[in-house]
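The values are calculated or read from the model by the stated rules, or taken from the named source; none is laboratory data. Here the structure is a predicted model, which is why all the values come from computation and not from measurement. Neighbour counts run over all protein chains shown; Cβ positions are idealised from the backbone, glycine included. Keep in mind that these areas ignore ligands, DNA and RNA; they rest on the heavy atoms of the full protein, side chains included. Shrake-Rupley method; radii C 1.70, N 1.55, O 1.52, S 1.80 Å.
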Amino acid sequence: MIPLGRDDLHASLGDPVLGSIGFLNEVMARYPDAISFAPGAPNPVFVEELDIGAAIERYLEHLGRSRGIGRDGALRLVTEYGPSRGLIGDLVAA
């Protein structure tokens, strides 16, 4: 097997932005009590006793009320690819 050198790889793999997730994970490890929305993964302590099914049903009801769509439309929003900025911006802002 021929080893690959750094110059053999695509230039995008050298982009410093790729290290961002590692940095965010390190910050979360150092400050476990902090609430970070950046990496998209909540601290497991906050969701240990969460009833995911009930939370999803509640959110589907919210989508139905706030967007005037039926349950099937709300379920599609939650389970299909959506906007990269997510779906809960209105709730976070409130």
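Using a 1.4 Å probe, what is the accessible area per residue for the chain, in Å²?
In whole numbers, the chain has 88 Å² accessible per residue.
When the accessible area of the chain is computed with all protein chains present and a 1.4 Å probe, what percentage of it is carbon and sulfur?
60 percent
Longest segment of the chain with no chymotrypsin sites (Phe, Trp or Tyr not before Pro) in a DSSP loop having at most 15 other Cβ atoms within 10 Å?
In short, 38-80.
At q = 0.12 Å⁻¹, what is the log10 ratio I(q)/I(0) for the chain, with the Debye formula run over Cα points and no solvent?
Calculated log10 I(q)/I(0) at the listed q: -0.63.
For a quick check of understanding: with a 1.4 angstrom probe and all protein chains in place, what accessible area in square angstrom does VAL92 have, to the nearest ten?
Accessible area of VAL92: about 90 Å².
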